[in-house]
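Colleague: Here it is: the structure, laid out below.
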Amino acid sequence: MDALPNGGTTATDDGQPSIRDMLAVNLRAARAARGLSLSELSRRSGIGKATLSQLEAGTGNPTIETVFSLSRALEVAISDLLDHRPRGGLTVVRAADVEVLRGEGVDLRPLRRIEAENSVFEVYDQVVRGDAPQRSQGHVGVEHTVVQAGGLRVEVGGRTVDLGPGDYVAFDAREPHTYTALAAPVHSVLLLQYRDGERLDGRPHPLTAPPRET
C-alpha cells in the first residue's frame, strides 16, 4: 500500500482529523451497523483481516483502491467513510489543508460532501498521473468528470472515450472503469453522485448511459 503523506500522524496541520483517523472511526461504525465480523468484511472486500484491523485502529495506510473496495463491500458512499465536515454554511477548503489519497495512477483530494433532497454528491480534486492507469472494479454511484487540463482516456464497460480540457463524461460507476492519462498530468474535477434509496441495493444506477464509443 502507498502510505499517506502525513507519515503516521493522526491530524492535518490545521488540527482536523486525518484521512486515516476519519476512516478508522467511520469504518468501525459502518461495519458494526451491518453486523459484519472482520473476517466477513475481509471476504467481501478482498482486504486482509490484519489490514482491516489496522485501518480500524487508525494505524493503517489507506489507498484509493482500499477505500473504494470498502465502499463497495459495505455498500456505502465513499464520503460516508471519509467525511467529517459539518453541513451547511460557508465552506472554504484550502488546497494545503486537504490530504491526498493516492492510488495506482490517480491522486484524489476530497473537498466536499453535498446533500440535496434524495441525492448525495462528493466533490474531489483529481489528478491523473502518467505513471500507471487507474483501474476500478466498480463502486456505488454515478461518476462525473470534467477535464481541466491534459488529455484523459476513460474506459467503461468495453467502451472508450478520449477527453480534453473542458470535456465532460458521466457513467454508472458500478461498471468496471479505467482512467489513463494521454497527456499527463490530467487535472480534473470528479463528482460522485448517489441516490439514498438506490445506492445500497446493488442495482445498476439508471441515471446515465455509458459514454459513446470513439
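Colleague: Restricting attention to segment 75-122, and to residues there that are over 10 Å from the mean Cα position of the chain (by Cα) and among the polar types (S, T, N, Q), which single residue is modelled with the highest pLDDT?
Modeller: Ser119
Colleague: Still on this structure: Against the conditions (1) crowded, with 18+ Cβ neighbours inside 10 Å; (2) assigned to a loop (DSSP other than H, G, I, E, B), where does Val186 fall short? Just the number, please.
Modeller: All conditions are met except number (2).
Colleague: So which residues in segment 163-214 are at pLDDT 50 or above and of a type in the set (Ser, Thr, Tyr)?
Modeller: Selection gives Tyr168, Thr178, Tyr179, Thr180, Ser188, Tyr194.
Colleague: Going through segment 130-183 one residue at a time, which ones are assigned to a strand (DSSP E or B), of a type in the set (A, V, I, L, M) and without any contact (Cβ under 8 Å) to a residue 60 or more places away in the chain?
Modeller: Passing the criteria: Val146, Val147, Ala149, Leu152, Val154, Val156, Val161, Leu163, Val169, Ala170, Leu182, Ala183.
Colleague: Please indicate, with yes or no, whether at least one residue in segment 27-50 is in contact with an Asp or Glu (Cβ under 6 Å, 6 or more places away or on another chain), surrounded by fewer than 16 Cβ atoms within 10 Å (Cβ to Cβ) and not assigned by TED's automatic domain parsing to the domain that holds Ile114.
Modeller: Within segment 27-50, the first condition is being in contact with an Asp or Glu (Cβ under 6 Å, 6 or more places away or on another chain), and the residues that meet it are 27-28.
Filter again for surrounded by fewer than 16 Cβ atoms within 10 Å (Cβ to Cβ), leaving 28.
Pick out the ones that are also not assigned by TED's automatic domain parsing to the domain that holds Ile114 and you get 28.
Yes; the residues of segment 27-50 include at least one that is in contact with an Asp or Glu (Cβ under 6 Å, 6 or more places away or on another chain), surrounded by fewer than 16 Cβ atoms within 10 Å (Cβ to Cβ) and not assigned by TED's automatic domain parsing to the domain that holds Ile114.
Colleague: Among the numbered conditions (1) more than 19 Å from the chain's Cα centre (by Cα); (2) modelled with pLDDT under 75; (3) closer than 19 Å to Glu122 by Cα, tell me where Gly7 comes up short.
Modeller: So Gly7 meets the others, but not (3).
Results for (1) surrounded by 17 or more Cβ atoms within 10 Å (Cβ to Cβ); (2) among the charged types (D, E, K, R); (3) farther than 16 Å from Ser188 by Cβ; (4) outside the structural domain of Thr178 (by TED's automatic domain parsing), shown as yes or no for each residue.
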position	(1), (2), (3), (4)
Glu115	no, yes, yes, no
Val128	yes, no, no, no
His139	yes, no, yes, no
Leu152	yes, no, no, no
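The values are calculated or read from the model by the stated rules, or taken from the named source; none is laboratory data. The shown structure was predicted, so the numbers you read here are calculated from the model rather than taken from an experiment. Note that each Cβ is placed from the backbone with ideal geometry, even for glycine, and that neighbours are counted across all protein chains shown.
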